[in-house]
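Here is the structure we will look at, set down as structure tokens.
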Amino acid sequence: MRDEDVVAAARAVRSDLPTLVGDVHSAFLERELAAMLARADNGEPVADDILDLLTPHDRVLVRLRDLLPATPDAERGLDSGALGTTYSSAHFSQLPGVAAPTAEILYRCGFCDYAYPVFEAGEPVPESCPDGHGPLTTRR
């Protein structure tokens, strides 16, 4: 969907806000939406702000789905036309291959069986064997 489509849908849904969210919430939404539409009239991109404001309200979201075209927008991803979907190619791309955890790095004592595994970069490592045999060496 294009920014112009979102602004047009917001203008259309504006008068329905009291019936969709109730009088208590509609005053706040009306005030915020009026400010965003004024910004849109000045040429500012406000489509994302409008969607952030209106889509948390289920009944407004359903009304917006009815008003907005379900065509994909090449600027935001191939499947971004479906408002309220959880998957978007613009935000997620499966990594190739099979994912597997990396091997830990082991710091070992050269004299006994003591080994200290490190799983994260920057994790502190003891300087020497706790039995007093000297410094630890790294092996993968």
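Just so it is clear, none of the values below were taken in a lab; they were calculated from the coordinates. Every value quoted in this text rests on a predicted model; they were computed, and no experiment measured them.
If you take the square roots of the eigenvalues of the alpha-carbon gyration tensor of segment 25-72 and sort them as a ≥ b ≥ c, do you get rounded (a/c under 1.5), prolate (a/b over b/c) or oblate?
Details: a/c = 2.41, a/b = 1.15, b/c = 2.10.
The shape class here is oblate.
Quick one: Karplus J couplings for segment 60-65, per residue in order, coefficients 6.51, -1.76, 1.60, θ = phi - 60°, nearest Hz, x for Gly and Pro?
5, 4, 4, 5, 5, 4
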